[in-house]
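K.L.:
The structure is given below, and queries will be raised subsequently.
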Amino acid sequence: MIKYAIFDLDDTLLDFKKGEREGLTKILRKYGVHDIDQGIKTYLRVNKVVWNKIEQGQPREELLHKRFTDTFNLLGMNIDGTLAEREYRTGLDQNFYKIGGAERLLANLKNAGVHLMVGTNGIKQTQISRLKGSNLDQYFEDFFISEDIGYTKPDKRFFTPIQHKYLDMDEKNTVMIGDRIQADVLGAKRAALSSIWFNPNHSINSEDYQPTYIAQTYDQIEKIILN
């Protein structure tokens, strides 16, 4: 049985996409965007580039505070992107949507004696607020967030404080669970830990590395960890 399970949050346990769309819709409407779908598509393209740069080690806050400026520029508008970013984060703090079955999975694993912890690249205030609001915080004994650590997954240094605190961690007794193969799976591989790629949409792995396990459902994750 796995002793330590490190969980990503967004789109692994929390339904980030649902809250993201709600938050973006409010921001776009406030600033006068009429084609909301086009606005969201534009933001998502910009945001993907931003997070790729962050995961490569580029300055986090500088990039995040530019993403709305860049989005609205592409939409032919000039706004205060830093203000829009603050407004958007305030909305995200109230995004308490859980993926169906997430709480049952965590409860079962905790009751079985697995040590559960969070390992996320998300913004600290937002992630802590969402964990508490969704009542999932009660299942975790530790929270590791890139904003505190100073490194983001897939950098293996993200895992250094985790491995320093839990000295017996290794690839046999520890698993990283997440939906992003480029961050969660690669990060675990670099840190010499096992990984479960949570892949409910049956996406194709186009990378040249493989997760230790693949799971499409929470039942499969539970079986892998408790086996």
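The values are calculated or read from the model by the stated rules, or taken from the named source; none is laboratory data. Note that the structure is a prediction, hence the values are computed from the model and not measured. Counting neighbours? That spans all protein chains shown, and the Cβs are built from the backbone with ideal geometry, glycine included.
K.L.:
Considering segment 145-165 alone, what residues qualify as being under 25 Å from Phe96 (Cβ atoms) and surrounded by fewer than 18 Cβ atoms within 10 Å (Cβ to Cβ)?
P.N.:
Within segment 145-165, Glu147, Asp148 qualify.
K.L.:
Report the residue count in segment 31-45 for those that are surrounded by fewer than 18 Cβ atoms within 10 Å (Cβ to Cβ) and in contact with a Ser or Thr (Cβ under 6 Å, 6 or more places away or on another chain).
P.N.:
Going through segment 31-45 one residue at a time, the tally reaches 1.
K.L.:
Check off (1) free of Cβ contacts under 8 Å to residues at least 60 places away in the same chain; (2) more than 19 Å from Arg45 (Cα to Cα); (3) assigned to a helix (DSSP H, G or I); (4) not hydrophobic (A, V, I, L, M, F, W, C) for Gly100 and give me the number that stays unchecked.
P.N.:
(3)
K.L.:
Oh, and also: Identify, by number, the condition in (1) in contact with a helix residue (DSSP H, G or I) (Cβ under 9 Å, 6 or more places away or on another chain); (2) at pLDDT 95 or above; (3) within 21 Å of Leu14 (Cβ to Cβ) that Arg45 doesn't meet.
P.N.:
(3) is the only condition that Arg45 fails.
K.L.:
On to the next question. Identify the residue in segment 135-150 that is at pLDDT 95 or above and not in a helix (DSSP H, G or I) and, among all such residues, is farthest from Asn111 (Cα to Cα).
P.N.:
Only one residue fits best here, namely Ile145.
Residues are listed down the side, and each one gets a yes or a no for (1) in a helix (DSSP H, G or I); (2) out of contact with any helix residue (DSSP H, G or I) (no Cβ under 9 Å at 6 or more places or on another chain); (3) small (Gly, Ala, Ser); (4) closer than 25 Å to Tyr97 by Cβ:
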| site | (1), (2), (3), (4) |
| --- | --- |
| Ile27 | yes, no, no, yes |
| Asn73 | yes, no, no, no |
| Asn78 | no, no, no, no |
| Ala84 | yes, no, yes, yes |
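K.L.:
Among residues belonging to segment 106-134 that are under 15 Å from the mean Cα position of the chain (by Cα) and in a helix (DSSP H, G or I), point out the one that is surrounded by the most Cβ atoms within 10 Å (Cβ to Cβ).
P.N.:
Arg130
K.L.:
Something else about it: Within the bounds of segment 41-61, is there any residue that is in contact (Cβ under 8 Å) with a residue 12 or more places away in the chain, part of a loop (DSSP other than H, G, I, E, B) and on the phi < 0 side of the Ramachandran plot?
P.N.:
no
K.L.:
Would you call Phe72 among the aromatic types (Phe, Trp, Tyr), farther than 26 Å from Pro161 by Cβ and surrounded by 19 or more Cβ atoms within 10 Å (Cβ to Cβ)?
P.N.:
yes
K.L.:
Go through segment 62-83 residue by residue and tally those that are charged (D, E, K, R) and touching a residue at least 12 places away in the same chain (Cβ under 8 Å).
P.N.:
Number of matching residues: 3.
K.L.:
How many residues does segment 195-211 contain that are surrounded by fewer than 24 Cβ atoms within 10 Å (Cβ to Cβ) and within 21 Å of Glu222 (Cα to Cα)?
P.N.:
Count: 7.
K.L.:
What tally of residues in segment 151-179 results from selecting those that are over 22 Å from Leu226 (Cα atoms) and either of a type outside the set (Lys, Arg) or part of a loop (DSSP other than H, G, I, E, B) (or both)?
P.N.:
10
K.L.:
Can you tell me which residues in segment 166-194 are surrounded by 21 or more Cβ atoms within 10 Å (Cβ to Cβ), under 12 Å from Ala5 (Cα atoms) and of a type in the set (A, V, I, L, M, F, W, C)?
P.N.:
Val175, Met176, Ile177, Ala188, Leu193, listed by residue number.
K.L.:
Next up: Could you please find all residues in segment 16-30 being surrounded by fewer than 18 Cβ atoms within 10 Å (Cβ to Cβ) and touching a residue at least 12 places away in the same chain (Cβ under 8 Å)?
P.N.:
Answer for segment 16-30, where residues must be surrounded by fewer than 18 Cβ atoms within 10 Å (Cβ to Cβ) and touching a residue at least 12 places away in the same chain (Cβ under 8 Å): Lys18, Arg21, Glu22, Thr25, Lys26, Lys30.
K.L.:
Looking only at residues that are out of contact with any strand residue (DSSP E or B) (no Cβ under 7 Å at 6 or more places or on another chain) and in contact (Cβ under 8 Å) with a residue 24 or more places away in the chain in segment 169-186, which one is nearest to Thr12 (Cα to Cα)?
P.N.:
So the residue we want is Arg180.
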